[in-house]
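Everything below concerns the one structure shown next.
The values are calculated or read from the model by the stated rules, or taken from the named source; none is laboratory data. If you're wondering where the values come from, they're calculated on a predicted model, not measured in any experiment. Quick reminder, even Gly has a Cβ in these numbers, built from the backbone with ideal geometry, and neighbours come from all protein chains shown.
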Amino acid sequence: MGRLILSGGGELKQNVEINRYFVQSIDADQPLLYIPLAGDPNYRSFESSLAYIQNMFFPLGIKKITMWTDLNNKTIEEAQKFSAIYFSGGDPFTLLKIVRESGFDKVLIQFYESGGTIYGQSAGAIIFGSNISHTLSKEDNSFDYEPLNLINQYRLWCHYDPSDDESIIELLKGNNSPFVALSEGGAICFSGSNKWVISNPVYEFRSDIKYLL
């Protein structure tokens, strides 16, 4: 089984510890696969997003980053040429739709189950939970794509702030799947049935109880 490194988002300086952990856990001599498709290319071009990611990871020892902006017809054999897969943030609705419609969801599951490492930030993390309905606007409420559900039925709440507690607890009344709440700069790793905190603060909400992990 592989590893899912999931970050709550935030600025570069907030994620230094997480990024260092990630790089140290993979073969940095192999190329990293970067998928920016949660982002809006009209707001920030994919090329400028790639430059940002290069600026983030090259100083930590990664030597090459390959970006994919079209996931159609990609295979597990192609994905396994990379040290890991990195998903940046944006809109989880957009990202999950692309992943499902392209069939890349099957590649991701195979990659993870065969020992691969996947790093998701914010929206790039949320799609691996059991439900993303809490991230959707009223306009998106007809969205019917199931997320990948690779983290033991947990849902993810990213960019968490204590002011979100009431909203999270209210959501638990209609769906008892627990939440992992990741603050900006907070991160957790899942591997099969195991999980461990990489960088605090990370919380679990189960029923109406909040735990610091």
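If I filter segment 35-45 for residues that are surrounded by fewer than 19 Cβ atoms within 10 Å (Cβ to Cβ), more than 16 Å from the chain's Cα centre (by Cα) and under 23 Å from G129 (Cβ atoms), do I get at least one hit? I'd like the intermediate steps shown before the answer.
In the first step, residues of segment 35-45 are kept if they are surrounded by fewer than 19 Cβ atoms within 10 Å (Cβ to Cβ); the result is 40-45.
Of the ones still in play, those that are also more than 16 Å from the chain's Cα centre (by Cα) are 40-45.
Within this subset, residues satisfying the condition of being under 23 Å from G129 (Cβ atoms) are 40.
Yes.
Every residue, every condition in (1) farther than 22 Å from S88 by Cβ; (2) over 18 Å from the mean Cα position of the chain (by Cα); (3) surrounded by fewer than 15 Cβ atoms within 10 Å (Cβ to Cβ), yes or no:
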site	(1), (2), (3)
I118	no, no, no
D144	yes, yes, yes
P147	no, no, no
Q153	yes, no, yes
H159	no, no, no
S163	yes, yes, yes
G174	yes, yes, yes
P178	yes, no, no
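Out of all the residues in segment 27-49, which are within 22 Å of T75 (Cβ to Cβ) and assigned to a helix (DSSP H, G or I)?
Across segment 27-49, the qualifying residue is only F46.
Helices (runs of 4 or more DSSP H) wholly in segment 56-156 with at least 1 residues that are modelled with pLDDT of 95 or more and either hydroxyl-bearing (S, T, Y) or touching a strand residue (DSSP E or B) at 6+ places or on another chain (Cβ under 6 Å) (or both) - which ones? It would help to see each step written out before you state the result.
Numbers: elements: 76-79, 92-102, 104-113, 123-126.
Passing ranges, in order: 92-102, 104-113, 123-126.
Could you list, in sequence order, all residues of segment 67-99 that are touching a residue at least 40 places away in the same chain (Cβ under 8 Å) and more than 15 Å from the chain's Cα centre (by Cα)?
A79, K81, F82, S83
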